[in-house]
Amino acid sequence: MALTLYGHPFSSYHQKALIAFYENDIAFELRLLAGDERVGAEHAAVWPLRKMPVLVDGTHVVVESSIIIEHLDLHHPGPVRLVPQDPTAALEVRMLDRVFDNYVATPMQKIVLDAIRPSDRRDPYGVAQARDVLDTTYRWLDATVAGRRWAAGDAFSLADCAAAPSLFYADWAHPIDASLTNLRALRQRLLARPSVARAVDEARPYRRNFPLGAPDRD
Ligand SMILES: N[C@@H](CCC(=O)N[C@@H](CS)C(=O)NCC(=O)O)C(=O)O
């Protein structure tokens, strides 16, 4: 059954799902959300909230990046299992996935999206709160990933699919302090992972669109 993915290469949540596709070399058709009205209408028809990514697997619509990855692991498994079959290990993976989405990607998005608001509708108080959340989360993550190869342990997982794009863009929006060596090293290991490197490379042409101005580095 054909897999169709609605998204855009520069979107952090789209990249999160892409990494899972690339890990297991799963074929899909990309429906690029880049201003084509027909694709936009298809997207709105399957997911009225118009968030990306959205996966359509045959007649089944799957929304939310974490659930898309769980869906692939369940219905299109490959050699790299992204959700451990051991339930206790799976809980740790899902916990880290939630931390990266809620406390890294969400405050990062707050900072980035504030920059494209009209200048008289900005929210400096909310942005300052988002920076505080990032600082607290960075410190917690630095301690949590100490001694781990990947975000949730020895195996690359759903948690790393979430970690890679959220840390990538969060470090652009609000740099990870140099003292947090475990977290910074994890970000570098993630960038070297072929599936992540491929998603980052495919997004390179869009860097000029980063609302805060993309730094001259990954
Ligand atoms: N919780 C969602 C978040 C998806 C999300 O925020 N996607 C952003 C792009 S990174 C988006 O669609 N933004 C467009 C919009 O909000 O209209 C997920 O995990 O898939």
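Please treat every number below as a calculation from the coordinates, not as lab data. Everything quoted here is computed from the prediction, not taken from an experiment. When we count neighbours, we look across all protein chains shown, and the Cβ atoms used for this are built from the backbone with ideal geometry, even at glycine.
Assuming R0 = 35 Å, what is the FRET efficiency of F210 and T88, from their Cβ-Cβ distance, to the nearest 0.05?
Working: r = 39 Å, r/R0 = 1.10.
Working from the Cβ atoms, E equals 0.35.
Given the options H75, H60, Y6, identify the residue whose Cα lies farthest towards the positive end of the charge dipole of the range 1-113 (+1 on Cβ of Lys, Arg; -1 on Cβ of Asp, Glu).
Checking the options against the dipole of the range 1-113, the answer is Y6.
Please give the Cα centre distance for the range 177-193 versus the range 42-88, rounded to the nearest Å.
Taking the Cα centre of each part, the range 177-193 and the range 42-88 sit 27 Å apart.
GNM, the chain, Cα, under 10 Å: largest mean-square fluctuation among S65, S166, S195?
Of S65, S166, S195, the most mobile in the Gaussian network model is S195.
Connecting C-alpha atoms closer than 10 Å in a GNM of the chain, tell me which of G78, G153, G58 has the biggest fluctuation.
G58
Hey, what do the phi angles of the range 86-95 turn into as Karplus ³J(HN,Hα) couplings, whole Hz, using 6.51/-1.76/1.60 and θ = phi - 60°, x for Gly and Pro?
Each residue of the range 86-95 in turn: 6, x, 5, 5, 5, 4, 4, 4, 5, 4 Hz.
Add +1 for every Lys or Arg and -1 for every Asp or Glu among the other residues with Cβ under 10 Å from the Cβ of Q129, and state the total.
Values: positive: K110, R131; negative: D123, D132.
Value of the local net charge: 0.
Roughly how many nanometres apart are two label points built 7 Å out from the Cα toward the Cβ at D36 and R217?
Between D36 and R217, the label points sit 3.7 nm apart.
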